[in-house]
Amino acid sequence: MKGSNKGGTTDRTKADRGTPSTGQEADPATGLTGRLLLDSREVGRLLGCGRSLVFQLIAQGELPTVRIGRLVRVPRHALEAWIALRTEAPALQPWDQLGFAGVRRRARRRT
């Protein structure tokens, strides 16, 4: 009989064999759910880098982590804070520092 086996459970399709459903929709842009703890693949996807670099950052103590037994996870809010701390503001020009932001400098006329 197709779709069942001796144990009384139905066969699962390949699409069903992924991670267990958490009842949360995945973000179409990143493919991530709104989970609190992220694994290395998810962190790499969010940072735009590979898993190797994520593991390197974790080993160096750069990324904040939570250990659950042998599992190493990065809290989503801590990753967002980590990114915010390392985000550099654009360099200001001397006239911006004096309060002339948005004021265009005139080009000098040649005589």
Residue pairs within 6 Å by beta carbon, gap of at least six or interchain, first lying in the stretch 44-73 and assigned to a helix (DSSP H, G or I), second among the small types (Gly, Ala, Ser), listed first then second, are 44/50; 51/40; 51/44; 54/40; 54/44
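Given the structure, is residue 24 modelled with pLDDT of 95 or more, of a type outside the set (Lys, Arg) and not in a strand (DSSP E or B)? Can you show your working first?
Details: modelled with pLDDT of 95 or more: no; of a type outside the set (Lys, Arg): yes; not in a strand (DSSP E or B): yes.
Criteria not met by residue 24.
The values are calculated or read from the model by the stated rules, or taken from the named source; none is laboratory data. Computed from a prediction, not measured in an experiment: that's the story for all the values here. For neighbour counting, all protein chains shown are included, and Cβ atoms are generated from backbone atoms with ideal geometry for every residue, glycine included.
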